[in-house]
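To start, the structure under review is shown below, and the notes come after it.
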Amino acid sequence: ILGEHLRICPQGYTCCTSEMEENFANKSRSEFEAMMKEAGRSVQMTLTAQHRSFDSYFHDLLNKSEKALYDAFPSIYGELYTQNMKVFKDLYSELRRYYRGSNINLEEALNEFWTRLLERLFKLMNPQYHITDEYLDCMVKHAEQHKPFGEVPRDLKVKATRAFIAARSYAQGFLVGSDVVKKVSQVSLSHECTRAIMKLMYCPHCRGMSNVKPCNNYCLNVVKGCLANQADLNTEWKYLMDSLVVVADRIDGPYNVDTVIGTIHMRIAEAISNLQENKDSITAKVFQGCGNPKISTKGSSTEDKKRRGKVTLEAKSSAQALEMLVLDAKGNLTALKTYWITLPGSLCSKKVMASSAADDKCWNGMTKGSYLPEVMGDGLANQINNPEVEVDITKPDMTIRQQIMQLKIMTNRLGNANIGNDVDFQDASDDMSGSGSGDSCPDDVCGKRLSKSPSTRQPETHAIPKQSGHGINGASSRSLPSAFLLLLSVAFIATQQLWR
């Protein structure tokens, strides 16, 4: 029949009614959105699997250290341990909470542990004296000077904070990446895109050419136009993948979590041994600085004599498991770097089953023949002359712009983790707006702006999306100050209002 009634397909002779054309339009839309979600699910599964593997490894490492402490300390220290079990339990509890993203200052948590342990052990090792809370306060003030635990607290604080900062940022990076893909994959197609997809996939049927495949370049122009906003994720997405690779090297290198986290119990035992060995001199220094406490009526205890000297605890290394985890992660992250700009080609070749580029007997949108227009570039700005999809390049998709900002924030956090700086985790409402990908300064330049020493100040605070459960060179920070990120958000919200 004549096709004058058709609104999307060419109006030559056709075998489609208006109702059929509408049905095909709805079918093509749902099929294309399903393709997008399927491709996104594959990436989500990869990132989630990497997170799950590392998360399991890290918790197993921490659990083994805690178990080794609980198994060995009662027989070694007796009452000295049993009366202070809660101090040790609280430490491991705080470490787990920090790793899961709680707003905890890790350095303060470690300092608090050593303070509480010193107060209790000092009283236990000097039972003949009545030691008040005020006296303990005085003793703690002199602790830094006397170093009752030797160099262990300072050394552990430096190494553990770096390892934990890197570990939790690394784990969070996978979740943020997966969350971004999930949200972006749910973005609906525009009306113009729906028409273009219908014309690409089902108009050949209406012309009696159901066996003719779409021309590859024709398919690429349609899909690049439909996914123009998604392609703008590319720059920040690559930075996130690269940042995760760099932090992975830190985790298996300078900040080795297997060595640091797996030996926490050994360092605690070493610290207690230092205190026991130097008990007399430390007590004398405390008495000199704080005065002699009153003699207690309870009498003395011999518990302290039960064990003295260096304590040797073994730690089972899982370095090989960590190395395999990191190698597997780096391979997957490298493969995912170009996901957003290779997505159109992947959809055309695997899902739409487009014809080869040189085929002159393919569906070109009007008939069977060659497709002559050039293929558009990637991203929104390159679609101004797209011959197949009308794209308004002045109105970026807000959901995708928000996800670009989430990628920026997560990459900034990983950059800080790479040099040992802490950044607090904080939930953000889902309506936070962000800017486009923009230009990012080179990593070797940005990285030099950040301090090379571990953090001893209050951590920076940035926002991340709520979770249900996160090549860059050595510096890898691309750090954006939190105030600058805030200004970016405010500026973009204002711009959004102008678009409306």
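The values are calculated or read from the model by the stated rules, or taken from the named source; none is laboratory data. Just so it is clear, the model here is predicted, and its values are computed rather than measured. Counting neighbours? That spans all protein chains shown, and the Cβs are built from the backbone with ideal geometry, glycine included. With ligands, DNA and RNA removed, areas are computed over all heavy atoms of the protein, side chains included. Shrake-Rupley method; radii C 1.70, N 1.55, O 1.52, S 1.80 Å.
Considering only the stretch 98-186, give the helices (runs of 4 or more DSSP H) lying wholly within it that have at least 1 residues that are crowded, with 22+ Cβ neighbours inside 10 Å and among the charged types (D, E, K, R).
Once the helices (runs of 4 or more DSSP H) in the stretch 98-186 are filtered for at least 1 residues that are crowded, with 22+ Cβ neighbours inside 10 Å and among the charged types (D, E, K, R), what remains is 152-185.
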Looking at T283, T297, which one is modelled with pLDDT of 60 or more, assigned to a helix (DSSP H, G or I) and among the hydroxyl-bearing types (S, T, Y)? T283
Restricting to the stretch 135-172, count the residues that are in contact with a Pro (Cβ under 8 Å, 6 or more places away or on another chain), more than 20 Å from I251 (Cα to Cα) and of a type in the set (A, V, I, L, M, F, W, C). 0
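Looking only at the stretch 120-132, decide whether some residue is charged (D, E, K, R), out of contact with any Ser or Thr (no Cβ under 6 Å at 6 or more places or on another chain) and at pLDDT 95 or above. Quick ask: steps written out before the conclusion?
First, pick out the residues of the stretch 120-132 that are charged (D, E, K, R): 120, 123.
Applying the additional criterion that residues be out of contact with any Ser or Thr (no Cβ under 6 Å at 6 or more places or on another chain) yields 120, 123.
Pick out the ones that are also at pLDDT 95 or above and you get none.
Within the stretch 120-132 (the criterion being charged (D, E, K, R), out of contact with any Ser or Thr (no Cβ under 6 Å at 6 or more places or on another chain) and at pLDDT 95 or above), the answer is no, since none of the residues qualifies.
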Any residue at all in the stretch 82-93 that is more than 36 Å from the chain's Cα centre (by Cα) and open to solvent by 20 Å² or more (accessible area, probe 1.4 Å)? yes
(1) under 30 Å from N234 (Cα atoms); (2) within 24 Å of the chain's Cα centre (by Cα) all hold for H191 apart from (2)
Within the stretch 6-48, the count of residues that are hydroxyl-bearing (S, T, Y) and open to solvent by 50 Å² or more (accessible area, probe 1.4 Å) comes to 5
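Just need a number here: residues in the stretch 332-356 that are at pLDDT below 90 and loosely packed, with under 14 Cβ neighbours inside 10 Å.
3
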Which of the following residues is touching a Phe, Trp or Tyr at 6+ places or on another chain (Cβ under 7 Å) and more than 29 Å from A39 (Cβ to Cβ): A171, A163? A163
